[in-house]
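Reviewing the structure listed below.
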Amino acid sequence: MNETKAAHHLVVSNLTKSFPGSTQTLKVLQDVSLELSGGDSVAIVGPSGSGKSTLLQILGTLDHPNTGTVSINGIDPFELDENALAQFRNQHIGFVFQDHHLLPQLSVLENVLVPALALGKTSTDQVTRAHELIESVGLADRDDHLPGELSGGERERVAIARSLLMNPSLILADEPTGNLDRATAQSISELLLELQQASGAILIAVTHSDALARAMKERKELVDGQLV
């Protein structure tokens, strides 16, 4: 496990991001730098509009910074062409969203397999891993259920399993407990951290939850576009 953890490395250097406004440019991120290795977890907190989601989108390669660099395992994804970037994102980054974004017409098993399906036909090993992940999140008896047949907490568990299917280096969680009651949020927080530690991935979570932030190894706040 230690060798696996050592292989995962994130270096963020001097990121800036701004958006043009009607009267002036809105500076959202200013000189953001961060370095994490496998097994690390960090909560990013701050008020709404402070740039947390923008930072997460850039780290997830869903948006580009104006300046600065992102390196995941020694690769700058923004130097890749569009097809290579999509493949890199699929293989190296797992996402857990507040609204889970499960496909309603697919079963639990099929939803967990979505990252593999995006690349074409799934392999036997991937199907086996999907079943193992579904069992690890406590839903082994529900792998053929549709999302509409699950509770909010169960749907978030499926989202966590899906994020881990491709053995990502980086897991990005955007308010993963935001729509859950306190007891369910606590169990989801514990599960997410347990599986992240077992996988050796890096976990970055944007959250308003003090409980989740306290459970992470580090807590950083975005203040005036800077990470402190």
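Restricting attention to the stretch 67-88, does a residue exist that is within 13 Å of the chain's Cα centre (by Cα) and of a type in the set (A, V, I, L, M)? For the stretch 67-88, residues within 13 Å of the chain's Cα centre (by Cα) and of a type in the set (A, V, I, L, M): absent.
Kindly check whether there is at least one residue in the stretch 79-98 that is of a type in the set (V, I, T), farther than 24 Å from S189 by Cα and at pLDDT 95 or above. Explain how you work it out, then say what you get.
The first filter runs over the stretch 79-98 and keeps only residues of a type in the set (V, I, T), leaving 93, 96.
Those left that are additionally farther than 24 Å from S189 by Cα: none.
No, every residue in the stretch 79-98 fails to be of a type in the set (V, I, T), farther than 24 Å from S189 by Cα and at pLDDT 95 or above.
Counting only strands (runs of 3 or more DSSP E) that sit completely within the stretch 140-228, those holding 3 or more residues that are of a type in the set (A, V, I, L, M) and within 14 Å of the chain's Cα centre (by Cα) correspond to 170-174, 202-206.
Taking the stretch 58-75, which residues are surrounded by 17 or more Cβ atoms within 10 Å (Cβ to Cβ) and farther than 21 Å from S199 by Cα? Let's see the steps before the verdict.
Within the stretch 58-75, the subset surrounded by 17 or more Cβ atoms within 10 Å (Cβ to Cβ) is 58-61, 65, 68, 70, 72.
The answer is I58, T61, P65, G68, V70.
Against the definition (among the polar types (S, T, N, Q) and without any contact (Cβ under 8 Å) to a residue 40 or more places away in the chain), how does S50 come out, yes or no? If you could, list the steps in order and put the result at the bottom.
Working: among the polar types (S, T, N, Q): yes; without any contact (Cβ under 8 Å) to a residue 40 or more places away in the chain: no.
Judged against the criteria, S50 is not a match.
Just so you know, in the stretch 153-189 the residues that are surrounded by fewer than 23 Cβ atoms within 10 Å (Cβ to Cβ) and acidic (D, E) include one that is farthest from E132 (Cα to Cα), and it is D181.
The residue that is nearest to the chain's Cα centre (by Cα), counting only those in the stretch 112-139 that are within 22 Å of T184 (Cα to Cα) and in contact (Cβ under 8 Å) with a residue 12 or more places away in the chain, is V112. For first residues located in the stretch 85-102 and at positive phi and hydrophobic (A, V, I, L, M, F, W, C), partners that are surrounded by 19 or more Cβ atoms within 10 Å (Cβ to Cβ) and not in a helix (DSSP H, G or I) and lie 6+ apart or on another chain with Cβ distances below 7 Å do not occur. Within the stretch 182-214, being within 15 Å of S169 (Cβ to Cβ) and either β-branched (V, I, T) or in contact with a Cys (Cβ under 8 Å, 6 or more places away or on another chain) (or both) holds for I202, I204.
If you check I44, I72 for being farther than 13 Å from K220 by Cβ, touching a Leu at 6+ places or on another chain (Cβ under 8 Å) and in contact (Cβ under 8 Å) with a residue 24 or more places away in the chain, only one passes: I72.
Filtering A183, A205, A198 for residues that are among the small types (G, A, S) and at pLDDT below 90 leaves a single hit, A183.
Tell me, which strands (runs of 3 or more DSSP E) lie completely within the stretch 1-101 with 1 or more residues that are farther than 17 Å from S163 by Cβ and out of contact with any helix residue (DSSP H, G or I) (no Cβ under 9 Å at 6 or more places or on another chain)?
On the way: elements: 9-19, 26-37, 41-45, 67-72, 93-97.
In the stretch 1-101, 9-19, 26-37, 67-72 are the strands (runs of 3 or more DSSP E) which contain 1 or more residues that are farther than 17 Å from S163 by Cβ and out of contact with any helix residue (DSSP H, G or I) (no Cβ under 9 Å at 6 or more places or on another chain).
Does A118 satisfy the condition of being at pLDDT 90 or above and closer than 27 Å to Q87 by Cα? No; evaluated as a whole, the condition is false for this residue. Any idea which of S18, S37, S53 is closer than 30 Å to E190 by Cα and modelled with pLDDT under 95? Going through S18, S37, S53 in turn, the sole match is S53.
The values are calculated or read from the model by the stated rules, or taken from the named source; none is laboratory data. Note that the structure is a prediction, hence the values are computed from the model and not measured. In this analysis, Cβ positions are derived from the backbone assuming ideal geometry, glycine residues included, and neighbour counts consider all displayed protein chains.
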